[in-house]
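Reading through the structure tokens given below for one structure.
Every number here is computed from the coordinates shown, using simple stated rules; none is lab data. Keep in mind that what you see is a predicted model, and the values were worked out from it rather than measured. Note that we place each Cβ from the backbone using ideal geometry, even for glycine, and neighbour counts take in every protein chain shown.
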Amino acid sequence: MEYIAEAVRAHRAFFRTGKTLDVGFRRDSLKRLRNALIRYEERIYDAFWQDLHKSKFEAFVTEVGLILKEISLHTKKIRKWAKPTRVVTDILNFYSTSRTLHEPYGVALIMAPWNYPLQLLLTPLVGAISAGNCVMLKPAHYSEHVSEVIRELISETFDPEYISVMTGGRDVNQAILDERFDFMFFTGSSHLGKIVMEKASKQLTPVTLELGGKNPCVVEPDADIAVAAQRICFGKFLNAGQTCVAPDHLFVHVDVKRQLLSSMRQCIKRFYGDDPEESPDFGRIINAEQFSRLENLMHSAGTIIHGGRTNPDTLYIEPTLIDRITPDDRIMQEEIFGPLFPILEYTRLEDVISLLQEREKPLALYFFSGSKTQRERLLSSASSGGGCVNDTIMHFTNHRLPFGGVGTSGMGRYHGKFSFDTFSHHRSMLRKTTLFNSTIGYPPYGNRLRYIRRLLS
């Protein structure tokens, strides 16, 4: 696809003009993006309703609002972040100055998934703009209505040589990944993340991968059950469970299992009514393929104790609690990414820790307990990209926290200043005086080792 190659060449030519190095240009670009989001807001909400049956409130809170918040921070802080950072110079380089220069990589690629197709594309874009890059955007193909709005919004707001949008399916993805970029940022499944990383390795292109995983949620007997039920249900069933940081499965202590499950049933009814299919606040599965996968997964093991109703015509799957699950069941072998919640009971936290240590590191870990001892025991023993204590998913909303995975759940981090840092090359630069020139380090070395040892020890 020659038009993709031509777009990359145009980006490189624009970057070489040096326009993006000007901090004022970057700030203006961020402001233009903000104004465009506000101008397109109603169209964005309509598109989300068509693609995911997402309410206006949820679309603002989880998509538009988070991007506006990110833009606001970068607009305020960009001048400070972009300034060279002076650091202390060691005695070996006496009478020198040492600085870290924060430079853009050049041409960056950002690829986003369909579950949060606006926020997971434009939040990284804010960091790329802030750092001074040119950018090619690849929105998700499955969320076609949102992707079309993004294409129009970006095309209307920015010169295509600066920021471009490429829409289409797998053939377009393949053609894009065959091009050489200076930095690649991908959000999506671990399977696709491996493909992106393989492509990047051929060009030795640095890459950030924001992937997924089976995020565990652990509820101890001393947890506030009423609060835990609300926060777990909110995090799990937001966007019909199609959230990379959603709780994937639940470990509940046997002493509070009945109480917690009863509270969760009540929460689901309070959130979405007796029939969630009629609720304007409960989403739909993205397509028939994902619907079929989830429907098969629902009946693969355990006992459904709440929910279970589906409608293939509207791609609706009810919030569903599945009890009597074991770690070996099929539903525990893959990321669920839907409104199915498998439940496992335990009696000793050590058993949960052992199981988590045997599995791949998740993107998020959630723990409900009032015990500092138990909290420290779990967090020090089981790794994850991030997480919450006594809440779910909300760590994602704090732009002062780095967001990212570890192991198979991803590499690299972003949000706030971490986004600026991710899309920047931090270049070390030492400037030394020529007023004098010490020869202690030059050959012939003679017996100078003892002096050098003192300087370096």
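Show me the chymotrypsin sites (Phe, Trp or Tyr not before Pro) within the stretch 57-118 that DSSP assigns to loop and that have at most 13 other Cβ atoms within 10 Å of their Cβ. All intermediate terms of the calculation are to be shown ahead of the outcome.
Working: sites: Phe57, Phe60, Trp81, Phe94, Tyr95, Tyr105, Trp114; in loops: Phe94, Tyr95, Tyr105, Trp114.
Answer by residue number: Phe94, Tyr95.
What's the center-to-center distance, using Cα atoms, between the stretch 401-457 and the stretch 249-305 in Å?
Cα centres, the stretch 401-457 to the stretch 249-305: 51 Å.
Would you mind ranking Lys83, Lys138 so that the residue whose beta carbon has the fewest other beta carbons within 10 Å leads the list? List each step's numbers first, then the result.
Values: Lys83 13, Lys138 22.
Lowest to highest Cβ neighbour count: Lys83, Lys138.
Which of the GluC sites (Glu not before Pro) found in the stretch 262-367 are loop residues per DSSP with 16 or fewer other Cβ atoms within 10 Å of their Cβ? Write out the running numbers ahead of the final one.
On the way: sites: Glu277, Glu278, Glu289, Glu295, Glu334, Glu335, Glu345, Glu350, Glu358, Glu360; in loops: Glu334, Glu335, Glu360.
Here the GluC sites (Glu not before Pro) that fit, given the DSSP loop and packing criteria, are Glu334, Glu360.
Taking neighbour counts of Cβ atoms within 10 Å as a proxy for exposure, in what order, fewest first, do Leu153, Leu355 appear?
Numbers: Leu153 20, Leu355 16.
Least to most surrounded, the residues fall as Leu355, Leu153.
For n ≥ 4 DSSP H runs only, could you compute -39500 (n - 2.57) per run for the chain, divide by its residues and tell me the 222 nm figure to the nearest 500?
About -13000 deg cm²/dmol.
Taking the structure as given and computing Cα Rg over 2.2 N^0.38 Å, which label from [x] 1.27; [y] 0.95; [z] 1.11 fits?
[z]
First check a/c for the stretch 216-397, with a ≥ b ≥ c the square roots of the eigenvalues of its C-alpha gyration tensor; if it is under 1.5, answer rounded, and if not, answer prolate when a/b is larger than b/c or oblate otherwise. Walk me through the intermediate numbers first.
Working: a/c = 1.69, a/b = 1.49, b/c = 1.13.
Since a/c reaches 1.5 and a/b is larger than b/c, the shape of the stretch 216-397 is classed as prolate.
Do any cysteines of the chain lack a neighbour Cys whose Cβ is under 4.7 Å away, and which are they?
Within the chain, the cysteines lacking a partner Cβ under 4.7 Å are Cys134, Cys217, Cys244, Cys388.
Taking the beta-carbon count within 10 Å as an exposure proxy, list Ser147, Ser409, Ser155, Ser263 from fewest neighbours to most. Intermediate results must be reported in sequence, preceding the final value.
Numbers: Ser147 25, Ser409 28, Ser155 13, Ser263 19.
Least to most surrounded, the residues fall as Ser155, Ser263, Ser147, Ser409.
What net charge is computed for the residues neighbouring Arg375, neighbours being all others with C-beta under 15 Å from the C-beta of Arg375, Lys and Arg scored +1, Asp and Glu -1? Before the final figure, lay out each step's value.
Working: positive: Lys372, Arg377; negative: Glu220, Asp222, Asp224, Glu350, Glu376, Asp391.
It works out to a net charge of -4.
Mind scanning Lys214/Lys361; Lys31/Lys77; Lys214/Lys236; Lys56/Lys269; Lys214/Lys257 and naming the pairs with a C-alpha gap bigger than 18 Å? Walk me through the numbers before you get to the answer.
On the way: Lys214/Lys361 8 Å; Lys31/Lys77 13 Å; Lys214/Lys236 12 Å; Lys56/Lys269 21 Å; Lys214/Lys257 21 Å.
Over 18 Å Cα-Cα: Lys56/Lys269; Lys214/Lys257.
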